[in-house]
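Asks: Quick one: the structure is below, and I'll ask about it shortly.
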């Protein structure tokens, strides 16, 4: 199995259990369909054999079993949703500024990877060339569609790291995530 970690924060963002494909009009962005499902939250449970004492048990323990709608990618990788209604989703201009800084950070990380003896410098040069050629187009694509995206961050909430973008396919039902191909590091587990 391959886990894809954010190059900047180290957060787990994606795995090869998802069907990952390059974006049709911007191959340096990867897309993968997601599923939405109901998840119970606030449930209290006891491990088998546990016997909490009466003084340790809180009076109103026992979750309601409230359910919320989540994306599988959000749940599996503990991504944090920057919700508009909570004022957490950045404005379009602020996000555009973030993207420009993010591209510079990814370029720096790619350049630094050239000094790794385990990496073929020619392969890194090809990655850098591909990233440079597609970065502006990716920023334009993302900012043009920004109002449609749900924005999620990795578990560490590192503001400099990759933001996972969720939108819906043309059918209006199938959610899909968009991530930066070059902003991910493969980790075999």
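Asks: With surrounded by fewer than 19 Cβ atoms within 10 Å (Cβ to Cβ) and within 16 Å of the chain's Cα centre (by Cα) as the only criterion, which of 156, 97, 115 stands out? Quick ask: steps written out before the conclusion?
Replies: Working: 97 fails: within 16 Å of the chain's Cα centre (by Cα); 115 fails: within 16 Å of the chain's Cα centre (by Cα).
After ruling out the rest, the residue left standing is 156.
Condition check ((1) in contact with a helix residue (DSSP H, G or I) (Cβ under 8 Å, 6 or more places away or on another chain); (2) modelled with pLDDT of 90 or more; (3) at positive phi) across all residues:
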residue: 6; (1), (2), (3): yes, yes, no
residue: 44; (1), (2), (3): no, no, no
residue: 69; (1), (2), (3): no, no, no
residue: 93; (1), (2), (3): no, yes, no
residue: 107; (1), (2), (3): yes, yes, no
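Asks: Mind listing whichever residues of segment 175-189 are part of a strand (DSSP E or B) and over 11 Å from the mean Cα position of the chain (by Cα)? Reasoning before the result, please.
Replies: Going residue by residue through segment 175-189, those that are part of a strand (DSSP E or B) are 175-180, 184-188.
The answer is 175, 176, 185, 186, 187, 188.
Asks: Related question: Using beta carbons and a limit of 8 Å, which pairs, at least six apart or on different chains, have the first residue in segment 17-38 and more than 25 Å from residue 189 (Cβ to Cβ) and the second one at pLDDT below 90 and not in a strand (DSSP E or B)?
Replies: These pairs meet every condition: 36/72.
The values are calculated or read from the model by the stated rules, or taken from the named source; none is laboratory data. None of the values given here were measured: they were computed from a predicted structure. Quick reminder, even Gly has a Cβ in these numbers, built from the backbone with ideal geometry, and neighbours come from all protein chains shown.
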